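Note sheet for the following structure.
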Amino acid sequence: MNAMMRRVVIGTAAVSMALTMAACGKAGNSSSSSNSASSGDTKTVGLLLPENSSSVRYESFDKPLIEAKVKSLCPDCTVKYNNANGDAATQKQQFDTLVSQGVKVILLDAVNAKGTAAWVTDAQKKGVKVIAYDRLASGPVSAYVSFDNEKVGELQGQALVDALGANAKSANIVMINGDDADPNAGMFKAGAHKVLDTGVAKIAYEQSGEWKPTVASQKIGAAITALGKNGFQAVYSANDGMAAAIVTALKAQGITNMPVGGQDAASDAIQRILTGDQAYTIYKAYKPEAEGAATIAVNLLHGLDVTGVATAMTNSDGTNVPSLLLTPVVVTKANVKDTVIADGLYKASDICTAQYADACKAAGIQ
């Protein structure tokens, strides 16, 4: 186990220990006293996730992990779940329904985080606590659980520079960013620019892929038309779903062996990394994020202090929000075995299907 993986495992274990201890804590008298439970449903956590088209993480990891952790901390509690399928209006209806049903704690991963201020404010007036999950929703949220998203972007940018190697300083690159309505996308972009603005020769083409693989495919097609097949040497993609579409579009134009990066550590991205079709992804350990959010939600249901788990602070419209911010990790072919496999995100058998058996063997994954 290498040093990076030891840090991941130790960090995950530390978070898990903190969550267990925090769930058993007594109500605090700090600034989180406003978190005390109001009259209403103290046995239900609302969970609203944004989509499942550009990343399978929400249905495959976040939802079941949150449900399991809530149940372990509060056996008679339930989770009311909805996925907005990328539609902000649908998510608003789902949010309003939870509030009208008397749900007092809602985990919200917003489709359009900039557009939630009015809903969160109205919910707060009704005694509802909203936890911003993965994306910092606007409005008076009670807590925020995510990763250091600007650091994610920095890691993406550096991984792309590393993939270019000695050619980085003379390379032109294409950037396909996430949805402008998502504040995480802005932080990924800002972090990536910190590295790429000086790490490569030029960002020759930059557009939003809107977190949609079809849009990303269209944008890389436009980049090829504008720059020519030899006019750029690498592609930054804000996530793995868009990266998959970009790789397919490049191959359709006869462009191969070009570094393309992503994010989310999707299983198909790991397979593309092993075959060399994708240079890297960013692994954000879903378990500590989901379990941290679930622990905070249960604490809020029971009127307990959340700052034992949400130990950081994030400024949101001039207000400091108690936050749990986790550390992401770059995954390349060299450390697949020591990251997503060793950490139990995937079994070797999940990745090493017949088509990828040789690539797995070459990477030391059996």
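The values are calculated or read from the model by the stated rules, or taken from the named source; none is laboratory data. Values in this document were obtained by computation on a predicted structure and should not be read as measured data. In this analysis, Cβ positions are derived from the backbone assuming ideal geometry, glycine residues included, and neighbour counts consider all displayed protein chains. Surface accessibility is based on the protein's heavy atoms, side chains included, excluding ligands, DNA and RNA. Shrake-Rupley method; radii C 1.70, N 1.55, O 1.52, S 1.80 Å.
Let a ≥ b ≥ c be the square roots of the eigenvalues of the Cα gyration tensor of the stretch 283-322; is it rounded (a/c under 1.5), or, if not, prolate (a/b larger than b/c) or oblate? It comes out oblate by the Cα gyration axes.
The residues neighbouring Asn257, those whose beta-carbon lies less than 14 Å from its own, together hold a net charge of +3 under the Lys/Arg +1, Asp/Glu -1 convention. Taking other residues whose beta carbon is less than 11 angstrom from the beta carbon of Ala181, and scoring Lys, Arg as +1 and Asp, Glu as -1, yields -2.
For Lys80, the residues whose amide H sits under 5 Å from its own are Val45, Gly46, Leu47, ignoring neighbours fewer than 5 places away on the same chain, with H placed 1.01 Å from N. The order of the peptides 323-334, 128-139, 353-364 by mean Cβ neighbours within 10 Å, most packed first, is 128-139, 323-334, 353-364. At a Förster radius of 41 Å, what calculated FRET efficiency corresponds to the Cβ-Cβ distance of Asn172 and Lys43, to the nearest 0.05? With R0 = 41 Å, the Cβ-Cβ based efficiency is 0.15.
Residues in the stretch 360-366 carry Karplus couplings, in order, of 5, 4, 5, 8, x, 9, 10 Hz; the curve used is 6.51 cos²θ - 1.76 cosθ + 1.60 with θ = phi - 60°, and Gly or Pro positions show x. Full extension of the chain between Thr214 and Gln93 gives 40.9 nm of extra length, using 0.36 nm per residue less the Cα-Cα distance.
For the chain, with all protein chains in place and a probe radius of 1.4 Å, 51% of the accessible heavy-atom surface sits on carbon or sulfur. Accessible surface area normalised per residue over the chain is 40 Å², counting heavy atoms of protein chains with a 1.4 Å rolling probe. In terms of the mean number of neighbouring beta-carbon atoms within 10 Å, the peptides 172-180, 93-101 order highest first as 172-180, 93-101. The Kirkwood radius of the stretch 285-366, taken over pairs of alpha-carbon atoms, gives through the Stokes-Einstein law at 25 °C and 0.890 mPa s a diffusion coefficient of 158 µm² s⁻¹.
Using Cβ point charges alone (K and R +1, D and E -1), the dipole size of the stretch 150-265 about the Cα centre works out to roughly 440 debye.
According to the Cα-based calculation, Rg over Rh for the chain is 0.99, with Rh computed by the Kirkwood formula.
About its Cα centre, the chain has a charge dipole of approximately 320 debye under the convention of +1 per Lys or Arg Cβ and -1 per Asp or Glu Cβ, with nothing else charged. The alpha-carbon of Lys219 sits under 29 angstrom from the alpha-carbons of these lysines, leaving out residues fewer than 8 places away in its chain: Lys114, Lys151, Lys169, Lys189, Lys194, Lys202, Lys229, Lys251, Lys284, Lys333.
One chain, two ends: Met313 and Lys361. Fully extended at 0.36 nm per residue, the span grows by 12.9 nm beyond their Cα-Cα distance. Using 0.36 nm per residue and subtracting the Cα-Cα separation, the extra length available between Ala222 and Gln124 on full extension is 30.8 nm. In the neighborhood of Val247, defined by Cβ-to-Cβ distances under 11 Å, what is the net charge if each Lys or Arg adds +1 and each Asp or Glu adds -1? Net charge in that neighbourhood comes out at -1. Using C-alpha pairs below 8 Å separated by at least 6 residues, the relative contact order for the chain is 20 percent. Spin-label model, Ala190/Lys229: points 7 Å from Cα along the beta carbon direction are separated by 4.0 nm.
Projecting the Cα atoms of Gln271, Val215, Thr225 onto the charge dipole of the chain, computed from C-beta unit charges around the Cα centre, puts Gln271 farthest toward the positive end. Across the stretch 39-153, the relative contact order, built from alpha-carbon pairs under 8 Å that are at least six residues apart, equals 26 percent.
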